[in-house]
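Here the structure is laid out as structure tokens; the discussion comes afterwards.
The values are calculated or read from the model by the stated rules, or taken from the named source; none is laboratory data. As the structure is a computational prediction, the values presented were derived from the model and not from experiment. We place every Cβ from the backbone using ideal geometry, glycine too, and count neighbours over all the protein chains shown. Only protein heavy atoms, including side chains, enter the accessible area calculation; ligands, DNA and RNA are left aside. Shrake-Rupley method; radii C 1.70, N 1.55, O 1.52, S 1.80 Å.
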Amino acid sequence: MKRILQVCHSVMYKQITAWVLHGILMDELEEFFVQRHQPPEDTTTQRLMPSESSDDQCVISPAGHFTLRTDMLPLYFPLRIAEKILFIGESVQMFSREKKQKNGTLKTVFKTQEDGFAVELLRLQQQADFCITDVETVISKIRSCIAEHLWKLVMEEADLLAHLQLVKNLYLLGRGELFLHFIEAADHLLQAPPKPTTEYDVNITFQLTVRNIVTGDDSFLDTFHLTVPASINKLQGDSGSIESGWHRLGLAYTVDWPLHILFTERVLEKYKYTLEPL
């Protein structure tokens, strides 16, 4: 019995190693507790937050690409460790995919530490007795390495604080004087129902307003733009009256890598129409 358990654990360790070090799922028969997420067609389920699921046996990763099947976990394998494994593998896959797209080559995110982590995982695989404490120690080391790399990317290279300030200024109307001048300048464009050219005209007006009001760097205009969806049919509100451009006004944000892991589509959807009260 002890030998059977060791063989079964060996298979699990190989799957964990491939996932946490290379972001690869070696699981053709779907026996591993990490699996690709298949979004349901039901739109009510799609509106759930990434970490929520209509299935109590599933934990969806923050990015929404993979699922942790809790029913596939051994009874003695804590959920907290499985969640760390899910986070590590998805992060490794994200980093590797981005580096391959930029450089044409696939480089490890662990740099010189990968061999050491591989040796530690192999040692666990060769142990006669399964020790969950040893597993958690190794997984926590790998997670710390990934978290440190992610922090440097988000805070230092991507300058998260500057992006949060932009979100505050634009989505939360932190620059009230900017929108006050924009309302005056764009009112004649947005009073009527939107036409196919309305969005273009409104963005030109917004850019001119920004350059007149904001002193200094206005490069954020490359990532933010106003949306005024037009329709062939007449746009009507709840009362049956034709909607003006103000009712259709939205603000879109083009998020650069790696900030997309924080500003997800679900998050941005909540902010999209914050300009409607204008």
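One table, with the values for the structure above:
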| item | result |
| --- | --- |
| Per-residue ³J(HN,Hα) for the range 192-200, Karplus 6.51 cos²θ - 1.76 cosθ + 1.60, θ = phi - 60°, Hz, x for Gly and Pro | 8, x, x, 10, x, 9, 4, 4, 4 |
| Unsatisfied cross-links (Cα-Cα over 25 Å) in the set K168/K195; K2/K111; K141/K168; K152/K270; K111/K168; K111/K141 | K168/K195; K2/K111; K141/K168; K152/K270; K111/K168 |
| Protein-only accessible surface order, largest first, of I132, I85, I60, I24 at 1.4 Å | I24, I132, I60, I85 |
| Contour minus Cα-Cα distance for E148 and Q126 (0.36 nm per residue) | 5.0 nm |
| Probe 1.4 Å, protein heavy atoms only - accessible area per residue of the range 89-210 in square angstrom | 56 |
| Gain on full stretching of the segment that runs from Q165 to Q113 - 0.36 nm per residue minus C-alpha separation | 15.2 nm |
| Difference of contour (0.36 nm per residue) and Cα-Cα distance, T133 to L172 | 9.5 nm |
| Approximate spin-label separation L262-I183, in nm, with each point projected 7 Å along Cα-to-Cβ | 3.0 |
| Nearest-10 value in Å² for the accessible area of W151, using the 1.4 Å probe | 140 |
| Rg over Rh, two decimals, the range 70-223 (C-alpha only, Kirkwood Rh) | 1.22 |
| Distant-in-sequence amide H partners of T227 (H built 1.01 Å from N, under 5 Å) | G250, L251, A252 |
| Taking all pairs of distinct alpha-carbon atoms in the range 150-197, Kirkwood radius in angstrom | 13.2 |
| Accessible area in the full protein assembly, largest first, 1.4 Å probe, for E157, E28, E148 | E28, E157, E148 |
| Two-site label geometry, L5 and A252: point separation in nm, points 7 Å out along Cα→Cβ | 5.7 |
| Under-5 Å amide H pairs with G174, H placed in peptide plane, nonlocal only | N169 |
| Cleavage-rule hits, trypsin sites (Lys or Arg not before Pro), the range 137-206, DSSP coil, Cβ neighbours within 10 Å at most 15 | none |
